[in-house]
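Structure first, commentary second.
The values are calculated or read from the model by the stated rules, or taken from the named source; none is laboratory data. Fair warning: this is a prediction, and the values are worked out from it, not measured in the lab. As a convention, Cβ positions derive from the backbone with ideal geometry for all residues, glycine included, and neighbour counts pool all protein chains shown. Calculation scope for accessible area: heavy atoms of the full protein, side chains included, ligands and nucleic acids excluded. Shrake-Rupley method; radii C 1.70, N 1.55, O 1.52, S 1.80 Å.
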Amino acid sequence: MSDSSTPPAPLHLAVSLDGAGRHPAAWREPGARPAELFTARYWAGLATEAETGLLDFITFEDGLALQSSLPEAFDERPDRVRGRLDAVLTAARVAPLTRHIGLVPAVTATHTEPFHISKAVATLDHVSRGRAGLRVQVSGLPHEARHFGRRTVPLADTELYAEAADHVEVIRRLWDSWEDDAEIRDVATGRFVDRDKLHHIDFEGRHFSVRGPSITPRPPQGQPVVSASGAGEASYALVARSTDVGYVAAHDGDRTRAAVAAIRRAREATGLTADPLHLFGELTVFLDEDAPAAGARLERLDALAGLPHGADAGVFTGSPGQLADLLLERREAGLSGFLLHPGVIAHDLPAITRSLVPELQRRGVFRREYEADTLRGLLGLHRPGSRYARRAA
Amino acid sequence: MSSKPLKQIHLAAHFPGVNNTTVWSDPDAGSHIDFDSFIHFAQTAERAKFDFLFLAEGLRLREQGGRIHDLDVVGRPDTFTVLTALAAVTERLGLTGTINSTFNEPYEVARQFATLDHLSEGRAAWNVVTSWDAFTGENFRRGGFLPREDRYSRAQEFLATAHELFDSWDGTAIAADAGSGTFLRDARAGTFAHRGRHFDIEGRFNVPRSPQGRPVIFQAGDSEEGREFAAAGADAIFGRYGTLEAGREFYADVKGRLAAHGRTHDRLKILPAATFVLGDTDAEARETAHEVRRLQVSGQTAIKYLEHVWNRDLSAYDPDGPLPAIDPEPGENTIALGRASVRQFRDPLATARRWRELAGAKNLSIRELVIATTAEQTFVGSAATIAGAINDLVQADAADGFILVPHITPGGLDGFADSVVPLLQERGVFRAEYEGSTLRDHLGLAAPAPAPAPAPR
Ligand SMILES: Cc1cc2nc3c(=O)[nH]c(=O)nc-3n(C[C@H](O)[C@H](O)[C@H](O)COP(=O)(O)O)c2cc1C
């Protein structure tokens with residue numbers, strides 16, 4: 001229990017960016033700029049807005065299929081945002097235009113090569129000077145599998161998550177496969193690298209084997225920040241074993257507490273205790289001056305979309321002050337931060353950066369300036385050494 | 001006398017990659033990984049109004065004798081990621097990435113190129129390469145490796161499939177009309193189905209049509225199949241012949257193949273890689289060029305290079321002594337792995353015999369022999385000499401332009417931009433300003449055929 005004389009722990013805050021916002025009718029709102037969703041200008045504007053609010057990081061949502069409101073096939077709805085740019089590249093495009101904020105693109109482990117993902121995220125870390133992460137996800141969707149044509153039978157959830165865990169293991173080993181000081185440029189011996197500091201990773205798993213080393217030198221953070229959603233038993237092991245940040249739905253206190261406890265138990269079983277595992281609550285937010293205004297806006301959006309979005313318990317409507325209350329209360333379930341999904345990016349992202357953040361600052365639970373240059377630094381995670389480095393004698 | 005109008009020269013910049021031609025020991029040499037190096041290099045190329053920046057690719061660190069090769073520049077960033085980041089710090093420069101068709105999947109690569117094209121406003125190009133070997137394949141779970149004879153059949157189908165994906169959205173599919181609530185004018189945008197020997201895929205592509213419609217397509221690879229592949233569908237070739245005779249022969253051969261594919265002479269640009277050493281005078285440049293060659297080919301580097309042909313450990317030999325008297329080890333090369341150059345030596349016994357004759361006739365040591373037989377700099381001289389040589393080769397149809405590979409990272413292009421480019425501009429053979437905004441514009445390529453009309457429902 002926290003002693004009233006110690007200042008409250010700072011809260012971490014991230015936003016999830018996807019199209020015009022989480023609400024299906026978000027693109028129809030004033031200021032939404034739906035014709036610009038596939039331009040660099042749009043994404044650069046959002047990233048700079050988030051950075052103005054001193055947020056820890058932004059996630060770039062993604063998938064390897066066209067968005068659909070049906071679970072296992074494509075809808076043909078003309079009234080929804082469809083189409084998405086590759087998230088890693090969108091993050092890379094905004095990296096040179098930002099300086100502090102973490103950049104966390106989503107990646108689907110199920111259909112990608114860990115070798116490619118590892119060097120892409122390492123490179124994102126190089127171009128952003130230490131601000132890269134990734135949000136690992138799996139896909140059991142049969143229509144998505146047909147885009148790759150290799151797998152006819154979708155894998156069971158446990159299999160998908162086991163494969164994703166192997167995927168992350170390969171990625172992490174590849175990041176470590178170059179020791180930090182492998183490049184020596186030793187003119188006397190003519191050696192550019194010290195090959196004893198480059199390592200084969202020799203990963204052998206159920207779904208793939210990868211020899212290594214990476215072709216990309218170790219990224220500035222050593223290990224960029226790995227994150228994933230903990231949604232259901234099958235995913236808890238992945239979050240516990242493979243990530244630095246896990247996301248859990250922050251529907252209500254009890255369910256959040258139960259998910260946090262399950263992941264913490266799984267984490268303890270792994271024996272990985274050197275670094276904290278951040279657990280962030282996920283909420284969709286509609287922020288206005290008061291709850292009735294936010295509720296009315298959501299109703300109007302639901303009417304436009306022709307389906308109630310507000311019924312979901314993971315949705316918050318209200319004022320920034322009320323959201324601050326909720327975050328601080330929900331945090332007691334064992335969360336160290338939140339990943340907020342703006343319902344309408346054009347409206348709710350600035351509400352987060354310009355109203356919620358100042359409110360949290362007044363309460364002494366949010367930073368007033370960036371205190372570190374890397375994403376690990378912002379999250380209070382130390383920079384790990386390469387697992388392959390021989391310890392100094 | 002009516003003279004032929006002068007051909008316009010295309011120039012591009014190859015960021016020095018993994019090789020022994022980068023003089024990393026030079027005090028001016030910087031990082032080849034740090035993003036600042038890429039910014040410097042790209043902005044120099046753009047200041048010089050170059051067509052594009054070019055990145056090569058390798059997907060496994062090279063090994064020699066079972067150990068990672070440690071003498072050359074090693075390590076490179078991810079092609080897509082660094083090119084997309086460069087789109088933020090440049091405005092017109094084309095961005096060409098080498099991406100292999102064996103160790104990737106069409107849906108993913110098509111998305112990445114379409115994204116790069118969107119985020120750069122029409123500056124993306126794809127150099128399709130087909131390296132296929134099992135050594136590289138050990139880094140990948142899928143695709144594995146291919147029999148050599150299948151490399152272009154997969155590449156061909158990969159490219160065709162990617163084009164089907166690019167074409168699955170037409171440029172008018174998105175209405176984004178908030179008032180009526182119509183986001184998609186064409187509700188079935190992105191629909192595709194491809195059934196072939198290498199790919200059997202169907203569904204919905206999820207990136208709308210990009211500014212260029214499709215990225216510009218490059219090919220690199222010099223075999224008969226490679227030349228056919230380029231003639232059939234590429235917009236440009238990244239070639240290796242930067243001299244008058246070899247260049248004209250290659251140029252005539254490849255351009256001669258176009259008609260059979262229903263394409264005209266100007267649909268395919270031939271852009272060889274070229275190195276250069278610039279001096280205040282020709283004599284000074286020649287002297288520098290000689291020094292650079294000595295730095296590029298150290299004694300150890302010469303021995304390692306010889307091992308590519310001999311296919312055995314030669315570390316006991318003295319680089320300043322004569323060539324080995326023993327013959328190359330026959331069979332698959334197991335000494336130098338991941339080396340493109342190894343494939344040049346299809347007949348090691350004949351190569352060894354030729355080299356011994358050459359070394360004997362000119363009394364060359366191992367190191368001198370390697371310096372003599374590996375590519376010397378394409379252009380050496382004062383700015384005026386280099387500008388003249390480039391223009392002569394282009395006007396003589398030995399090339400349509402050059403992809404320049406400096407030997408210093410990242411400042412190796414600076415002198416060229418400041419002294420050679422203005423001379424080419426004065427001669428009226430190189431643009432003074434960008435005329436268009438897309439890479440297709442810079443290369444003078446027609447827009448790709450519009451995507452077919454949406455399939456009837
Ligand atoms: C000038 C030139 C540059 C090349 N650059 C690359 C490269 O960067 N990465 C790569 O994997 N292969 C590269 N290659 C290899 C070829 O693209 C090709 O895939 C391989 O050599 C097999 O085709 P081929 O037998 O037609 O040459 C290059 C080839 C040439 C001629």
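Kindly indicate the residue of the range B:337-354 that is outside any loop (DSSP other than H, G, I, E, B) and within 15 Å of the ligand (Cβ to nearest atom) and also farthest from B:Asp222 (Cα to Cα) among those meeting that condition. First the steps, then the outcome.
Keep residues of the range B:337-354 that are outside any loop (DSSP other than H, G, I, E, B), which gives B:337, B:340-344, B:348-354.
With the extra rule that they be within 15 Å of the ligand (Cβ to nearest atom), the set shrinks to B:337, B:340-344.
Working: B:Leu337: 20, B:Ala340: 12, B:Ser341: 12, B:Val342: 14, B:Arg343: 11, B:Gln344: 10 Å.
It comes out as B:Leu337.
Output the residue which, of all residues in the range A:220-234 that are in a loop (DSSP other than H, G, I, E, B) and more than 10 Å from chain B (Cβ to nearest Cβ), is nearest to A:Pro105 (Cα to Cα).
A:Pro224
Quickly run through the range B:166-207 and pick out the residues that are assigned to a loop (DSSP other than H, G, I, E, B), more than 17 Å from A:Ala73 (Cβ to Cβ), at the interface with chain A (Cβ under 9 Å from one of its Cβ atoms) and of a type in the set (D, E, K, R).
Residues satisfying the conditions are B:Arg185, B:Asp186.
Search the range B:121-165 for residues being more than 15 Å from the ligand (Cβ to nearest atom), open to solvent by less than 10 Å² (accessible area, probe 1.4 Å) and not in a strand (DSSP E or B), and hand back the single one that is farthest from B:Arg343 (Cα to Cα).
By that ranking, first place goes to B:Gly122.
Just to be sure I understand, how many residues within the range A:57-108 are more than 16 Å from A:Thr123 (Cα to Cα), at the interface with chain B (Cβ under 9 Å from one of its Cβ atoms) and of a type in the set (Gly, Ala, Ser)?
Final tally of qualifying residues: 4.
For the range B:23-57, enumerate the residues that are at the interface with another protein chain (Cβ under 9 Å from one of its Cβ atoms) and open to solvent by less than 20 Å² (accessible area, probe 1.4 Å).
As a first pass, look at the range B:23-57 and keep what is at the interface with another protein chain (Cβ under 9 Å from one of its Cβ atoms): B:24-25, B:29, B:31, B:33-35, B:38-39, B:57.
Answer for the range B:23-57, where residues must be at the interface with another protein chain (Cβ under 9 Å from one of its Cβ atoms) and open to solvent by less than 20 Å² (accessible area, probe 1.4 Å): B:Ile33, B:Phe35, B:Phe38.
Looking only at the range B:107-114, decide whether some residue is without any contact (Cβ under 8 Å) to a residue 12 or more places away in the chain and either away from the ligand (no atom under 16 Å from the Cβ) or outside any helix (DSSP H, G or I) (or both).
Looking for residues that are without any contact (Cβ under 8 Å) to a residue 12 or more places away in the chain and either away from the ligand (no atom under 16 Å from the Cβ) or outside any helix (DSSP H, G or I) (or both), one finds at least one in the range B:107-114, hence yes.
From the residues in the range A:184-219 that are part of a loop (DSSP other than H, G, I, E, B) and among the acidic types (Asp, Glu), which one is nearest to A:Thr110 (Cα to Cα)? Steps first, please.
Let us first name the residues in the range A:184-219 that are part of a loop (DSSP other than H, G, I, E, B), namely A:187-190, A:194, A:199-202, A:205-208, A:211-219.
Now drop any that are not among the acidic types (Asp, Glu), which leaves A:194, A:202.
On the way: A:Asp194: 35, A:Asp202: 20 Å.
My answer is A:Asp202.
Please list, ordered by residue number, the helices (runs of 4 or more DSSP H) wholly in the range A:291-393 having 1 or more residues that are open to solvent by 50 Å² or more (accessible area, probe 1.4 Å).
In the range A:291-393, A:291-305, A:320-331, A:345-351, A:357-362 are the helices (runs of 4 or more DSSP H) which contain 1 or more residues that are open to solvent by 50 Å² or more (accessible area, probe 1.4 Å).
Could you pull out the residue among B:Ala285, B:Ala246, B:Ala259, B:Ala252 that is within 15 Å of the ligand (Cβ to nearest atom) and either of a type in the set (A, V, I, L, M) or closer than 30 Å to A:Asp75 by Cα (or both)?
B:Ala246
With more than 16 Å from the ligand (Cβ to nearest atom), among the charged types (D, E, K, R) and more than 25 Å from B:Ile371 (Cα to Cα) as the only criterion, which of B:Arg92, B:Arg67, B:Arg60, B:Arg76 stands out?
On the way: B:Arg67 fails: more than 25 Å from B:Ile371 (Cα to Cα); B:Arg60 fails: more than 16 Å from the ligand (Cβ to nearest atom); B:Arg76 fails: more than 16 Å from the ligand (Cβ to nearest atom).
B:Arg92 is the lone residue from the list that is more than 16 Å from the ligand (Cβ to nearest atom), among the charged types (D, E, K, R) and more than 25 Å from B:Ile371 (Cα to Cα).
Looking at the range A:33-77, which of its residues are closer than 19 Å to B:Ser210 by Cβ, of a type in the set (Lys, Arg) and free of Cβ contacts under 8 Å to residues at least 40 places away in the same chain?
So in the range A:33-77, the residues closer than 19 Å to B:Ser210 by Cβ come out as A:33-44, A:60, A:62-67.
Keeping just the survivors that are of a type in the set (Lys, Arg) gives A:33, A:41.
Hit for the range A:33-77 is A:Arg41, nothing else.
Can you name every residue in the range B:101-154 that is at the interface with chain A (Cβ under 9 Å from one of its Cβ atoms), within 26 Å of A:Leu174 (Cβ to Cβ) and in contact with a Pro (Cβ under 8 Å, 6 or more places away or on another chain)?
B:Leu116, B:Arg141, listed by residue number.
Test of understanding: among A:Arg146, A:Arg129, A:Arg173, which residue is of a type outside the set (Asp, Glu), open to solvent by 40 Å² or more (accessible area, probe 1.4 Å) and on the phi > 0 side of the Ramachandran plot?
Just a single option satisfies the conditions, and that option is A:Arg129.
Given the conditions (1) β-branched (Val, Ile, Thr); (2) outside any strand (DSSP E or B); (3) within 25 Å of A:Ala44 (Cα to Cα), and given that B:Thr96 satisfies all but one, which numbered condition is not satisfied?
For B:Thr96, the exception is condition (2).
Please name all residue pairs, on different chains or six or more residues apart, with Cβ atoms under 8 Å, provided the first residue is in the range B:228-245 and is within 14 Å of another protein chain (Cβ to nearest Cβ) and the second residue is part of a loop (DSSP other than H, G, I, E, B) and within 9 Å of the ligand (Cβ to nearest atom).
Short answer, once both residue conditions are applied: none.
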